[in-house]
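First up is the structure itself, then whatever we jot down about it.
The values are calculated or read from the model by the stated rules, or taken from the named source; none is laboratory data. Quick caveat, the model's predicted, so the values are computed rather than measured. Counting neighbours? That spans all protein chains shown, and the Cβs are built from the backbone with ideal geometry, glycine included.
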Amino acid sequence: MLVASWRSPSNIALVKYWGKLDGQLPANPSLSMTLDKAFTQTRVEAVTTQGGGRVGTLNGDPEHPFKAKLDQLLQWLTAEVPQLGMFTFNLTTSNSFPHSTGIASSASGLSAFTLCLIEIASKAAGLTPDQDMLMQMASFASRMGSGSACRSLFGGFTVWGETGLVPGASGLFAVPVNGQIHPSFRNLHDAILVVSTVPKALPSSRGHSLMKAHPFASARLVQAHTNLATCVAALSDGDTEKLASVCENEALTLHSLIMTSGGGQVLMEPATISIIKRVQYARRGGLPLFFTLDAGPNVHLLYPQSDHEPVEAFIRNELLSFCEQGKIIFDQCGSGPSSNGYHQP
Ligand code: PMV
């Protein structure tokens with residue numbers, strides 16, 4: 001039996017990936033910040049079996065709802081790395097945050113699983129890839145399970161998708177862009193305000209496919225490239241106002257695209273809007289914070305480390321009451337995956 005365990009973080013996109021091309025390539029480039037406290041830890045035991053190349057159990061459950069997604073990724077990876085076909089994989093896994101609520105559990109979960117699989121395949125083949133090679137391979141492979149997962153393999157800020165702005169940027173895997181980040185943003189904070197833990201109404205695979213016939217698709221493509229350029233410039237100049245305006249524009253664009261897709265889903269809750277209005281009002285009053293959203297009702301509030309005390313006081317005093325059972329995850333920019341063993345939650 002071979003064993004691997006990895007802890008991999010979630011990430012929050014500042015410029016959103018929404019819509020994809022064949023081959024699990026993104027329609028537009030995206031930029032994200034890797035988180036620190038919002039992570040998945042996964043331990044995989046690979047048992048040699050006839051007819052392997054499949055997931056046996058997930059937390060002891062052979063019928064776990066997340067298993068299909070893992071099997072899909074595993075099948076793709078087994079075609080690339082045939083050694084994996086010798087094994088059945090049993091997973092023990094846990095998240096540090098509630099799943100399916102707009103905090104990207106698929107990003108952390110699938111990147112952690114991919115790292116375990118690549119480590120096991122390497123052990124089976126007697127290889128020891130260096131850390132950079134391991135992360136690039138895992139980024140390449142994990143995007144087959146969930147596009148945004150490929151950005152979780154690197155600490156700091158990451159770009160995925162073709163753009164002339166970042167040397168080496170590709171749709172096949174993500175690349176870190178930390179050399180271009182102003183010191184004041186290197187430990188940007190992200191307070192995740194959990195408005196609702198009800199599983200999200202729109203699976204992102206459905207949302208991506210709805211973009212194919214979306215009447216605003218071509219305009220979105222142009223806008224995403226422009227916003228990426230603004231975001232990269234703001235991150236490198238240390239310009240909080242510019243970063244705030246482009247991040248909020250991206251969040252509202254994502255939800256506008258969702259609302260105007262076939263099916264017309266509204267994923268924001270009244271509390272989401274209340275928080276957004278209070279954040280924008282506080283910023284006009286001089287408090288340096290801004291919001292972004294994933295495809296769900298929860299709100300990510302971003303602010304520089306230098307201002308964390310007044311901002312967190314504002315969050316606790318003015319925004320806590322909008323959160324489900326007062327739930328807030330105070331997170332920040334993180335350093336990427338680690339293989340330091342599985343710890344019982
Ligand atoms: O990785 P997916 O297929 O779950 O898509 C994620 C898309 C968003 O989270 C809404 C945006 C992003 O870039 O992370």
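What the table shows:
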read-out	value
Scope the stretch 164-183; condition more than 18 Å from residue 294 (Cβ to Cβ), among the small types (Gly, Ala, Ser) and buried (at least 16 other Cβ atoms within 10 Å of the Cβ); matching residues	169, 170, 171
Members of the stretch 10-37 found to be outside any strand (DSSP E or B) and within 8 Å of the ligand (Cβ to nearest atom), listed by number	16, 17, 18
The stretch 195-212 residues that are farther than 21 Å from residue 97 by Cβ, paired with ones that are within 13 Å of the ligand (Cβ to nearest atom) and of a type in the set (Lys, Arg) (beta carbon under 7 Å, 6 or more apart)	208/20
Checking residue 264 against (1) closer than 28 Å to residue 37 by Cα; (2) outside any helix (DSSP H, G or I), the condition it does not meet	(1)
Residues that are touching a residue at least 60 places away in the same chain (Cβ under 8 Å) and surrounded by 18 or more Cβ atoms within 10 Å (Cβ to Cβ), drawn from the stretch 37-68	38, 39, 40, 41, 42, 43, 44, 46
Hey, residue 185 more than 16 Å from the ligand (Cβ to nearest atom) and either modelled with pLDDT under 95 or touching a Gly at 6+ places or on another chain (Cβ under 8 Å) (or both) or not	yes
Among (1) among the β-branched types (Val, Ile, Thr); (2) assigned to a helix (DSSP H, G or I); (3) within 16 Å of the ligand (Cβ to nearest atom), the one test that residue 292 misses	(2)
Verdict on residue 218 being more than 14 Å from the ligand (Cβ to nearest atom), over 18 Å from the mean Cα position of the chain (by Cα) and either among the small types (Gly, Ala, Ser) or not in a helix (DSSP H, G or I) (or both)	yes
Qualifying residue in the stretch 138-154 (condition: surrounded by fewer than 22 Cβ atoms within 10 Å (Cβ to Cβ), in contact (Cβ under 8 Å) with a residue 60 or more places away in the chain and within 16 Å of the ligand (Cβ to nearest atom))	yes
Residue within the stretch 65-84 that is more than 16 Å from the ligand (Cβ to nearest atom), assigned to a loop (DSSP other than H, G, I, E, B) and of a type in the set (A, V, I, L, M) present	yes
Residue in the stretch 172-185 that is touching a residue at least 40 places away in the same chain (Cβ under 8 Å), assigned to a loop (DSSP other than H, G, I, E, B), of a type outside the set (Phe, Trp, Tyr) and out of contact with any Phe, Trp or Tyr (no Cβ under 9 Å at 6 or more places or on another chain) present	yes
Verdict on residue 7 being more than 16 Å from the ligand (Cβ to nearest atom), within 28 Å of residue 175 (Cα to Cα) and touching a Pro at 6+ places or on another chain (Cβ under 7 Å)	yes
Residue in the stretch 258-272 that is away from the ligand (no atom under 14 Å from the Cβ), without any contact (Cβ under 8 Å) to a residue 40 or more places away in the chain and not hydrophobic (A, V, I, L, M, F, W, C) present	yes
Single residue of the stretch 119-137 satisfying the filter (in a helix (DSSP H, G or I) and in contact (Cβ under 8 Å) with a residue 40 or more places away in the chain) that is surrounded by the most Cβ atoms within 10 Å (Cβ to Cβ)	121
Check on residue 32, touching a strand residue (DSSP E or B) at 6+ places or on another chain (Cβ under 7 Å) and under 20 Å from residue 295 (Cβ atoms)	yes
Contacts under 6 angstrom Cβ, first residue in the stretch 229-251 being modelled with pLDDT of 95 or more, partner in a helix (DSSP H, G or I) and hydroxyl-bearing (Ser, Thr, Tyr), 6 or more apart	238/184; 246/230
Boolean, residue 194 is at pLDDT below 95, closer than 29 Å to residue 288 by Cα, crowded, with 19+ Cβ neighbours inside 10 Å and not acidic (Asp, Glu)	yes
Failed condition for residue 161, given (1) crowded, with 20+ Cβ neighbours inside 10 Å; (2) away from the ligand (no atom under 16 Å from the Cβ)	(2)
Positions within the stretch 201-215 being away from the ligand (no atom under 14 Å from the Cβ) and of a type in the set (Gly, Ala, Ser), in sequence order	213
